[in-house]
Amino acid sequence: MFDQLKAAFGKAKCRVGAHDGEWTYVADGECGMRMVCRRCGVPQTRTTHRYGDWRYTGADDDCAASRTCRRCSHAEHRDRHEFGSPVYVRDGSCEVMKVCQRCGEEDRGLYFREHQFEAAYLDEHIDSVEASDLHRIPNHWNLRKCDAAVLCVRCGALKEKGEVTVLAAHLWSDWRPGRRGGSARVCRRCGKNEARRPGADED
Ligand SMILES: [Zn+2]
Ligand SMILES: [Zn+2]
Ligand SMILES: [Zn+2]
Ligand SMILES: [Zn+2]
Ligand SMILES: [Zn+2]
């Protein structure tokens, strides 16, 4: 029973081209190979070159390269660029590219786009936010100086998809003695004052 099952599976594999056998080269100096399937007996052929390493064929700033088959001398030609790490295309944009260190070829693509999302003060970045995105920032026409949100500090892209979360990020001074025995602190950025009654917990 098991052997029958195995044979049935074997036939199915042969039908989809997954034959079973040893590939051998037909002749010296040629790359044609032949295999006779152990299961179905049908001979198969293919060509498999044995290439050496790629070598540049032109000047130092030319990326044309070739490699040669050690068996049949068949040569394959291709540009072999040596791209460096991604770099930004320009300031104020997050589009990045890779530049070939030999010939200067630029490889660009949306798949390389990398934003630098950070919590940032909106008054410093609102000008770089796309006009079509502004409506997603609550009160964008009347921002307070310390309002902050997470956005890309290079291009102004907003991280959140819908309405953006805006938080007041004050740069508070230490608490100092204030009026009537309480304490007070002031924001070093926007000048906002905050007072605390006597005996309230420190934060
Ligand atoms: Zn077969
Ligand atoms: Zn060959
Ligand atoms: Zn190149
Ligand atoms: Zn960006
Ligand atoms: Zn403030």
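The values are calculated or read from the model by the stated rules, or taken from the named source; none is laboratory data. Computed from a predicted model, the values in this text were never measured in an experiment. No Cβ is skipped: glycine too gets one built from the backbone with ideal geometry, and neighbour counts run over all protein chains shown.
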Contact list, first residue from the range 56-80 and within 11 Å of ligand 3 (Cβ to nearest atom), second anywhere and among the β-branched types (Val, Ile, Thr), beta-carbon distance below 8 Å, six or more apart or interchain, is Ala64/Thr57; Ala65/Thr57
Give the residue that is surrounded by the most Cβ atoms within 10 Å (Cβ to Cβ), with candidates limited to residues of the range 92-115 that are in contact (Cβ under 8 Å) with a residue 24 or more places away in the chain and of a type in the set (D, E, K, R).
-> Arg102
Within the range 45-74, can you find the residues that are loosely packed, with under 14 Cβ neighbours inside 10 Å and either closer than 29 Å to Ala18 by Cα or within 16 Å of ligand 1 (Cβ to nearest atom) (or both)?
-> Thr45, Arg46, Thr47, Thr48, Arg50, Gly52, Arg70
Ser93 vs. criteria within 16 Å of ligand 4 (Cβ to nearest atom), under 34 Å from the mean Cα position of the chain (by Cα) and of a type in the set (S, T, N, Q) | yes
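Which of the residues belonging to the range 1-32 are among the hydrophobic types (A, V, I, L, M, F, W, C), within 16 Å of ligand 2 (Cβ to nearest atom) and over 13 Å from Gln44 (Cα atoms)?
Start the filter on the range 1-32 by keeping residues that are among the hydrophobic types (A, V, I, L, M, F, W, C), which leaves 1-2, 5, 7-9, 12, 14, 16, 18, 23, 26-27, 31.
From what's left, within 16 Å of ligand 2 (Cβ to nearest atom): 23, 26-27, 31.
Residues satisfying the conditions are Ala27, Cys31.
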Of the residues that make up the range 132-139, is at least one in a strand (DSSP E or B), surrounded by 13 or more Cβ atoms within 10 Å (Cβ to Cβ) and touching a residue at least 12 places away in the same chain (Cβ under 8 Å)?
-> no
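I need the strands (runs of 3 or more DSSP E) fully contained in the range 32-85, keeping only those with at least 2 residues that are under 30 Å from Met97 (Cβ atoms). Explain how you work it out, then say what you get.
Working: elements: 32-36, 43-47, 64-68, 75-79.
Correct list: 64-68, 75-79.
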Flag if Cys31 is surrounded by 14 or more Cβ atoms within 10 Å (Cβ to Cβ) and at pLDDT 95 or above | yes
